[in-house]
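Since the structure comes first, as structure tokens, the remarks are kept for the end.
The values are calculated or read from the model by the stated rules, or taken from the named source; none is laboratory data. Since we're looking at a predicted model, the values are computed, not measured. Here the Cβ positions follow ideal geometry from the backbone for every residue, glycine too, while neighbour counts run over all protein chains shown. All accessible areas refer to the heavy atoms of the entire protein, side chains included, with ligands and DNA or RNA removed. Shrake-Rupley method; radii C 1.70, N 1.55, O 1.52, S 1.80 Å.
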Amino acid sequence: MNILIKNGTLITASDTFEADILIEGETIAQIGRDLQHPNAEVIDAAGKLIMPGGIDPHVHLDLPMFGTVSSDDHYTGHKAAAFGGTTTVMDFVVLENEGFDHSVDLWMKKAEKAAIDYSFHMNLTNFNDKIAKEIPSLMKMGIQTLKVFTAYNGRLRIDDGSIFKALRIAKENGMLMMAHCENGDVIEALIPEALAAGHTTPEWHAYTRPAWGAVEATLRMAAMAEQADSPVYIVHMNAGGEVDMLKYARENGVKVMGETCPQYLFFTIDHLYRPDGAKWICSPPMRTDRDNVRLWEGLSGGVLQTVGTDHCPFYFDGTSPIVYEGSEIAIPGKELGKDDFTKIPNGLPGIQDRMPIMWTYGVRAGYITPNQFVAYNCTNPAKIFGLYPRKGALIPGADADIVIWDPEKQVKYGVAHSHQRTDYNLYEGWELAGYPEKVFLRGKLIVDGEEWKGKRGDGQFLKRGEGEIL
Ligand code: URP
Ligand code: ZN
Ligand code: ZN
């Protein structure tokens, strides 16, 4: 099947220009002016913007947590992603005691229902000689990334010495370490104090996870990366001071890169004080207006490299079902922590919201340019995570993952408009100007306006090789 998209305005990470795109089968065959093809289906994209499919480098689908599970799986989350213009997602594999092979197998099974393309990062939540020896085998499986945590003591955290050793192994094997930066020791001291003082409401989630912990852990990770001569990617940057640390480290030649997420650009601890504050509970937590501003500066000034979502949705009220594809479904959610903030499942929806929200409230609001929008949401994740130029690029030979974006489409956004499988949306009632109109995955139309044309099982696992350091 050949498709000729004519008269659109192409937006890449570096350029904006008018051109036609010829798709042959699963890939982009040609880009140029006045392209013709004898038997291609022609789509007139006059007045529309054409971008590479989004790449979300940070999602948690079907993730067991706090006695429940994140409410989007590898089908429902993929479908929601596609409606928001994203055609590739990267999920995190939980490391089981049986080791990497077994853990990856389990995640591969979960992802058999994939509707868009996907790859995996490995959570390095345990470290010993055996695990150290087996890390290179991940690269053979196409898993180029390890995530470490400087928080969640006794559960997910490994100590700094182990992180340092793992950084060296990553370096030797062309792998990249990703880091969740908070101060686990401080958090573990503050939580019991807060509970003993009777503080059980959602805002205490933020007070017990202070921003300075994120700031010093970011600098600590950068310092370890420099000492191991290995790159590091800081996930979900949320505090203004983290941007300062990132800038300082990068200016001093450290190979450190940073991701932020929309929730840290728009919301603050004030949202946690609301009666429905649990909707905004995630780790790291919401910060302050000043942090929002500094993160925007990090994007506009090019200190940060990517925007991911950390999509890890839960219902606000998991006792009441919602209707999903014609069936009622209820999944325990935030209500589990109604009397104790430490029991609220950590995580937010965002996989569909990312690009539409960043377009209206980032590009149209003047914080970032359309090219930066493509760089942060599409091209940079592809480069950093070893998928470029197959993904994240509008060039001949690339996968035809393409979004036709209607810059004039007006949407009053919210849970009714979203395909994320949860009962709320953080951007309820927000007015959007600009929205994906058609989304192609490897040449196949999977979203056509409001219509879902994708299928379970159509998504492919992407083996990733060595990435670029941006
Ligand atoms: O609250 C969050 N972010 N849950 C997902 C796990 C993580 O640390 O990214
Ligand atoms: Zn994290
Ligand atoms: Zn995460």
Legend entry - Matching option when the condition is open to solvent by less than 10 Å² (accessible area, probe 1.4 Å), touching a residue at least 60 places away in the same chain (Cβ under 8 Å) and within 16 Å of ligand 3 (Cβ to nearest atom), among G54, G77, G85: G77
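Could you list, in sequence order, the residues of region 297-317 that are touching a helix residue (DSSP H, G or I) at 6+ places or on another chain (Cβ under 6 Å) and not β-branched (V, I, T)?
Result: G298, L304, Q305, F314, F316, D317.
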Legend entry - Candidates G302, G298, G308 - the one that is in the same structural domain as D62 (by TED's automatic domain parsing), in contact with a strand residue (DSSP E or B) (Cβ under 6 Å, 6 or more places away or on another chain) and closer than 30 Å to I469 by Cβ: G308
Inset, instruction - Inspect all residues belonging to region 393-405 and state whether any of them is under 21 Å from M65 (Cβ atoms), of a type in the set (A, V, I, L, M) and either within 18 Å of the chain's Cα centre (by Cα) or surrounded by fewer than 22 Cβ atoms within 10 Å (Cβ to Cβ) (or both). - result: no
Inset, instruction - Six or more apart or on different chains, Cβ under 8 Å: which pairs go from a residue in region 441-464 that's touching a residue at least 60 places away in the same chain (Cβ under 8 Å) to one that's of a type in the set (S, T, N, Q) and surrounded by fewer than 19 Cβ atoms within 10 Å (Cβ to Cβ)? Could you list them? - result: R442/T27; R442/Q460; G443/T27
Legend entry - Flag for A40 being free of Cβ contacts under 8 Å to residues at least 40 places away in the same chain, more than 25 Å from the chain's Cα centre (by Cα) and surrounded by fewer than 22 Cβ atoms within 10 Å (Cβ to Cβ): yes
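If you take the residues of region 158-193 that are of a type in the set (G, A, S) and in contact (Cβ under 8 Å) with a residue 24 or more places away in the chain, which of them is nearest to K140 (Cα to Cα)?
Within region 158-193, the match that is nearest to K140 (Cα to Cα) is G174.
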Legend entry - Filter result for the condition that a residue is within 16 Å of ligand 1 (Cβ to nearest atom), of a type outside the set (D, E, K, R) and modelled with pLDDT of 95 or more, over L35, L49, L61: L61
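Examine region 288-305 for a residue that is under 19 Å from V59 (Cα atoms), away from ligand 1 (no atom under 16 Å from the Cβ) and open to solvent by less than 10 Å² (accessible area, probe 1.4 Å), and state whether such a residue exists.
yes
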Inset, instruction - Mind listing whichever residues of region 10-37 are over 22 Å from H78 (Cβ atoms), part of a strand (DSSP E or B) and open to solvent by less than 30 Å² (accessible area, probe 1.4 Å)? - result: L10, I11, A19, D20, I21, L22, G32
Inset, instruction - Could you tell me whether region 48-58 includes any residue that is farther than 28 Å from S320 by Cβ, of a type outside the set (A, V, I, L, M), away from ligand 2 (no atom under 16 Å from the Cβ) and not in a strand (DSSP E or B)? - result: yes
Legend entry - Close pairs (9 angstrom Cβ cut-off, 6 or more residues apart or separate chains): within 17 Å of F164 (Cα to Cα) in region 223-250, in a loop (DSSP other than H, G, I, E, B) and open to solvent by less than 10 Å² (accessible area, probe 1.4 Å) anywhere: M224/S230; S230/M175; Y233/Q305; Y233/F385; I234/C181
Inset, instruction - Would you mind stating whether T369 is crowded, with 21+ Cβ neighbours inside 10 Å, assigned by TED's automatic domain parsing to the domain that holds K171 and of a type in the set (S, T, Y)? - result: no
Legend entry - Among the candidates P321, P313, P332, residue that is surrounded by 18 or more Cβ atoms within 10 Å (Cβ to Cβ), under 16 Å from D72 (Cα atoms) and either of a type outside the set (G, A, S) or modelled with pLDDT under 95 (or both): P313
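Scan region 61-71 for residues that are open to solvent by 20 Å² or more (accessible area, probe 1.4 Å) and either in a strand (DSSP E or B) or within 16 Å of ligand 2 (Cβ to nearest atom) (or both) and jot them down.
Scanning region 61-71 gives L63, P64, M65, F66, V69.
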Legend entry - Residues within region 340-352 that are more than 11 Å from the chain's Cα centre (by Cα) and either within 16 Å of ligand 3 (Cβ to nearest atom) or open to solvent by 10 Å² or more (accessible area, probe 1.4 Å) (or both), tallied: 8
Legend entry - The one condition in (1) assigned by TED's automatic domain parsing to the domain that holds L176; (2) open to solvent by 10 Å² or more (accessible area, probe 1.4 Å); (3) without any contact (Cβ under 8 Å) to a residue 24 or more places away in the chain; (4) of a type outside the set (F, W, Y) that S103 fails to fulfil: (2)
Inset, instruction - Look through F149, F127 and report the one residue that is surrounded by 17 or more Cβ atoms within 10 Å (Cβ to Cβ), away from ligand 3 (no atom under 16 Å from the Cβ) and touching a residue at least 24 places away in the same chain (Cβ under 8 Å). - result: F127
